[in-house]
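Notes follow the structure.
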Amino acid sequence: MSAYEAHFRVWRGDVDGGGLRDFRVEVNEGEVVLDIVHRLQATQAPDLAVRWNCKAGKCGSCSAEINGQPRLLCMTRMSVFSRDETITLTPLRAFPVVRDLVTDVSFNYTKAREVPSFVPPEGLGPGEYRMQQEDVGRSQEFRKCIECFLCQDTCHVLRDFEQNKEAFAGPRFLMRVSELDMHPLDAAGEAGIDRKRAAQDEHGLGYCNITKCCTEVCPEGIKITDNALIPLKERAVDRKYDPLVWLGNKIRRREG
Amino acid sequence: MTQVERQAWDVVVIGAGGAGLRAAIEAREAGMRCAVICKSLFGKAHTVMAEGGIAASMGNVNEGDNWQVHFRDTMRGGKFLNHWRMAELHAQEAPDRVWELETWGALFDRTPDGRISQRNFGGHEYPRLAHVGDRTGLELIRTLQQKIVSLQQEDHAETGDYEARLKVFQECTVTRIVKDAAGEKVAGVFGYERESGRFFAIEAPAVVLATGGIGKSFKVTSNSWEYTGDGHALALLAGAPLINMEFVQFHPTGMVWPPSVKGILVTESVRGDGGVLRNSEGKRFMFDYIPDVFKEKYAQSEDEGDRWYEDPDHNRRPPELLPRDEVARAINSEVKAGRGSPHGGVFLDVSTRMPAEVIKRRLPSMHHQFKELADVDITAEPMEVGPTCHYVMGGVDVDPDTAAASGVPGLFAAGEVAGGMHGSNRLGGNSLSDLLVFGRRAGLHAARYAQEAAASGTRPVPDDAQLDLAAAEALRPFSAEDGELPSAVSAGSAAEQPAGPAENPYTLHQELQQTMNDLVGIIRRAGEMEDALHRLAALRVRARRAGVEGHRQFNPGWHLAIDLRNMLLVSECVARAALERTESRGGHTRDDCPEMDREWRRVNLVCRLSDPSAGLAAPTDPGRGQIRLERRETPPIRPDLLNLFEKDELVKYLTDEELTQ
Ligand SMILES: Cc1cc2nc3c(=O)[nH]c(=O)nc-3n(C[C@H](O)[C@H](O)[C@H](O)COP(=O)(O)OP(=O)(O)OC[C@H]3O[C@@H](n4cnc5c(N)ncnc54)[C@H](O)[C@@H]3O)c2cc1C
Ligand code: SF4
Ligand code: SF4
Ligand code: FES
């Protein structure tokens, strides 16, 4: 493949407003969208703001919207677009813009703090933890999360309704609750924390109507809805309406 | 003076990677108020990219393992140039540091009996690397991040403020360590917020450098934009020396195609799990490259190497698992000899070694990376790989037990920015463990130091003149275009007024990377390094005219213009030390001095700023450098540790004189 010139439209501006700017820029074989943004910085717009770190889909920094789709700039190949297509880059819509492609994602860090942390089991010292691979596998899937917040950006509960941000933690952090709940040794119950109830009452699980949009954009391919949110909903419901199930779970857990 | 926001904390940690976060946790748990400053968002430091694992002799997979064996491997890997005390502490404490992560919620892959699983890696005698697939760094950083959050939750419960005792200042860059008016003790740091461009100063008696490495000075690198050697430069500018800067690790396996991904890492686990290297003739060439010092330790035939994966007690490991410097050089030689792959690398193949399902389970992110970025399905075809700049062994000269930087009271360093631990070459997996072991020690001793300063009423106060100078220095790129310096700067250095047009910082950076890559890269020669020093000096002159457009709000051009100072300082250290060391050892290979020389093992090269009082007026005379080199004798290895090795082996590294002592 030879080099060609592509047409980009990049949103430039800050809190006070801004707009799409047109650029014509060279594209070479094998490049990803982030390479093109870097070329724009080096040749045409040195102050173009963008976040990135690893350039290999591992850190979750370079999230933005490409032709309206939430994506990682570093994992989107130029070859998925035709040569005459105009490629539009805009910042994540669900978060306030800081400058150009950079948004204020502090909402996510606030939500992260609201989820009670892992509670280590009493009586097990460092080095004494024993867990089977099949039991850690479920939480491990969720720990693949690179915190790109694309799922948060795409979820309509947050994207379309600013007022929901207070009550709804978003798929990323509901999944975190689910992850801790499935951790084989988490002793939250013993510490008086009911993670399932908290998911419902404090993190807004009820707002999720399992559209699976979050799962579709996750660059790590985590089955957020099927594996984290739906099971959490099922168990949260059990607890709310069936005290016996709740008691039963509690007893079984103690024995195990 | 320029408007700066000021705050006071007990301990400031610069860096939120594994070392920085571990230090912060320790300082906070020791009762100190701790501020963490980092250039990226919280949770995105370079550590997140680590793949293969974390080395600790827990002995979960092979009971023969213990700290002594780990110590031995580490010293061998570093060709005995390691500071033995650091290697000892590291090997002894690594298991506790890993187990502790489990109590903070980490979920490592498991052995059948439910313990933490451990995998093979180059240079490690036993399966030793605790891991989570090939995303171990993510697990490490997330666990530390979540531990910080849990401490903040405790503080919130007690005080109503999450950030009462532990605060992360994300997307902030420190540009200077500030000292007291006497210029003796550390008094705080100066920096800017990336988002707003606003300056800030934090007063603190103790500062921990945990800023990672320098790889962004090289063109082909696995490192991110953050790796501009800031901590190395901050230490130099504060008067602390660096050691071992000639030792830069080129990882043998980076991606080579397509060009835009050149340098991105292909984890060593690929080889640890059975992947083999072949040249264009289909030959497993590593068998031809086993150096004498390792002859007895590696398989001599493919059959033996293959049997080792199943029966490691009765066979020797395949030479694909030699330490990284050996493998990187071998690949380089094969390519040079015309036996490379189509895009200038060699072939790394797992597809013929393991079923597709196993590959996808054990190496998920490699599978993903090649499929997404190179259209290669590693379960069906070989990868093309070649060396990439990966890690710097050199760093701040520290006290092994306390991580205190030499000569600057109140300054500490841990992680990749610290020197000594890995000698001339780091073993895979030994970095993540290093971060935790020495991050913890740095946090602990910084906290003690701060506590003593508070108790004795001697908290140093930052010198206003230094803060003013730091602000002027940071603003310089905005006035570069008309050749004018801000008044504070020009006053002190009238003779150094830049003349000529403003320079594009991106162009300067590219030229710097090309210079280091071509002239001080994996194979070095005296003439080329001298050439490099000249080019660096010329770049330094031009970098004083690096100019930027726009304003201070999230302006990457401005950030890069500021970072150039650090990259130039650090690159000069690498080039000068590499030119001085007339032997080949670990991550320093001289074409003109190919042998390892036992006399050189006793020498550490120490880099210092040649004129610490020069402030911003860095010499513009290309003949003069900014760095002065000194030779220093390495401390003798404690006899009981030497006794862990056979005499036959020691004679390869130690001089006769040392052996008879
Ligand atoms: C792709 C890859 C894979 C690797 N795999 C492994 C592995 O499997 N096992 C292993 O042991 N090692 C591995 N390594 C090496 C290891 O990851 C690094 O050496 C290690 O993570 C460095 O950690 P650190 O805490 O020293 O610094 P980092 O994690 O790099 O953190 C540096 C921090 O300092 C901050 N910082 C820097 N400069 C400034 C400044 N001026 N102001 C404010 N903040 C600043 C940065 O923002 C960042 O937060 C790998 C490295 C790479 C690149
Ligand atoms: S499944 Fe739930 S969390 Fe995910 S996008 Fe839909 S509503 Fe949001
Ligand atoms: S769950 Fe997936 S999409 Fe959401 S933040 Fe994590 S990696 Fe990103
Ligand atoms: S830069 Fe790290 S995910 Fe894109």
> Among the listed residues A:ASP153, A:ASP135, A:ASP181, which satisfies the condition of being closer than 14 Å to A:PHE118 by Cα and either at pLDDT 95 or above or within 16 Å of ligand 4 (Cβ to nearest atom) (or both)?
Replying inline: A:ASP181
> So which residues in segment A:207-230 are open to solvent by less than 50 Å² (accessible area, probe 1.4 Å) and either more than 11 Å from ligand 3 (Cβ to nearest atom) or away from every other protein chain (no Cβ under 14 Å) (or both), if there are any at all?
Replying inline: A:CYS208, A:CYS213, A:CYS214, A:THR215, A:VAL217, A:ILE224, A:THR225, A:ALA228, A:LEU229, A:ILE230
>> Condition first: polar (S, T, N, Q), over 24 Å from B:PHE247 (Cβ atoms) and in contact (Cβ under 8 Å) with a residue 60 or more places away in the chain. Now tell me which residues in segment B:61-107 satisfy that.
In response: B:ASN62, B:GLN68
> Given the conditions (1) surrounded by fewer than 16 Cβ atoms within 10 Å (Cβ to Cβ); (2) of a type in the set (D, E, K, R); (3) over 24 Å from B:GLY197 (Cβ atoms), and given that A:ASP35 satisfies all but one, which numbered condition is not satisfied?
Replying inline: (1)
> Which residues, taken from segment B:158-177, are in a strand (DSSP E or B) and out of contact with any helix residue (DSSP H, G or I) (no Cβ under 6 Å at 6 or more places or on another chain)?
Replying inline: B:LYS167, B:VAL168, B:PHE169, B:GLN170, B:CYS172, B:THR173, B:VAL174
> For the subset of segment B:101-130 comprising residues that are open to solvent by less than 10 Å² (accessible area, probe 1.4 Å) and of a type in the set (Phe, Trp, Tyr), which member is farthest from the other protein chains (Cβ to nearest Cβ)?
Replying inline: B:PHE121
> Do you know which of the residues in segment B:258-269 that are at the interface with chain A (Cβ under 7 Å from one of its Cβ atoms) and in a loop (DSSP other than H, G, I, E, B) is surrounded by the fewest Cβ atoms within 10 Å (Cβ to Cβ)?
Replying inline: B:PRO258
> Which residue pairs have Cβ atoms under 6 Å apart, sit 6 or more places apart or on different chains, and have a first residue in segment A:196-213 that is near ligand 2 (Cβ under 7 Å from one of its atoms) and a second that is of a type in the set (S, T, N, Q)?
Replying inline: A:ILE210/A:THR225; A:LYS212/A:THR225; A:CYS213/A:THR154
>> For segment B:83-100, which positions are open to solvent by less than 20 Å² (accessible area, probe 1.4 Å) and at the interface with chain A (Cβ under 9 Å from one of its Cβ atoms)?
In response: B:PRO95, B:VAL98
>> Criterion first (of a type in the set (Ser, Thr, Tyr), touching a residue at least 24 places away in the same chain (Cβ under 8 Å) and either closer than 18 Å to B:ILE14 by Cα or not assigned by TED's automatic domain parsing to the domain that holds B:VAL408 (or both)) does B:THR173 satisfy it?
In response: yes
> Quick check: is even one residue across segment A:83-104 within 15 Å of ligand 4 (Cβ to nearest atom), of a type in the set (A, V, I, L, M, F, W, C), modelled with pLDDT under 95 and open to solvent by less than 20 Å² (accessible area, probe 1.4 Å)?
Replying inline: no
> Looking at this structure, is A:LYS144 within 16 Å of ligand 4 (Cβ to nearest atom) and open to solvent by 20 Å² or more (accessible area, probe 1.4 Å)?
Replying inline: yes
> Taking interchain pairs and intrachain pairs at least six residues apart, which have beta carbon atoms under 7 angstrom, with the first residue in segment B:16-29 and among the basic types (Lys, Arg) and the second part of a helix (DSSP H, G or I)?
Replying inline: B:ARG22/B:LEU144; B:ARG22/B:LEU435; B:ARG22/B:LEU436; B:ARG22/B:GLY439; B:ARG22/B:ARG440; B:ARG22/B:GLY443; B:ARG28/B:LEU151
>> For segment A:143-182, give me each residue that is away from ligand 2 (no atom under 11 Å from the Cβ), of a type in the set (D, E, K, R) and within 14 Å of chain B (Cβ to nearest Cβ).
In response: A:ARG143, A:LYS144, A:GLU147, A:ARG176, A:GLU179, A:ASP181
>> Kindly evaluate B:VAL570 against the criterion of being open to solvent by 30 Å² or more (accessible area, probe 1.4 Å), over 20 Å from B:ASP592 (Cβ atoms) and more than 10 Å from chain A (Cβ to nearest Cβ).
In response: no
>> Considering only residues that are farther than 15 Å from B:HIS251 by Cα, more than 13 Å from the chain's Cα centre (by Cα) and crowded, with 24+ Cβ neighbours inside 10 Å, which ones fall in segment B:203-228?
In response: B:ALA204, B:PRO205, B:ALA206, B:VAL207, B:VAL208
>> Can you confirm whether B:MET1 is open to solvent by 10 Å² or more (accessible area, probe 1.4 Å), modelled with pLDDT under 95, in a loop (DSSP other than H, G, I, E, B) and not β-branched (Val, Ile, Thr)?
In response: yes
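So which of A:GLU147, A:GLU128, A:GLU122 ends up being in a loop (DSSP other than H, G, I, E, B), under 22 Å from A:ARG71 (Cα atoms) and charged (D, E, K, R)?
Values: A:GLU128 fails: under 22 Å from A:ARG71 (Cα atoms); A:GLU122 fails: under 22 Å from A:ARG71 (Cα atoms).
Every option except A:GLU147 fails the conditions.
The values are calculated or read from the model by the stated rules, or taken from the named source; none is laboratory data. Predicted, not measured: the structure shown is a model, and the values here were computed from it. All Cβ positions, even for glycine, are placed from backbone atoms using ideal geometry, and neighbour counts span all protein chains on display. For the accessible areas, the whole protein counts, side chains as well, though only heavy atoms, and no ligand, DNA or RNA atoms are used. Shrake-Rupley method; radii C 1.70, N 1.55, O 1.52, S 1.80 Å.
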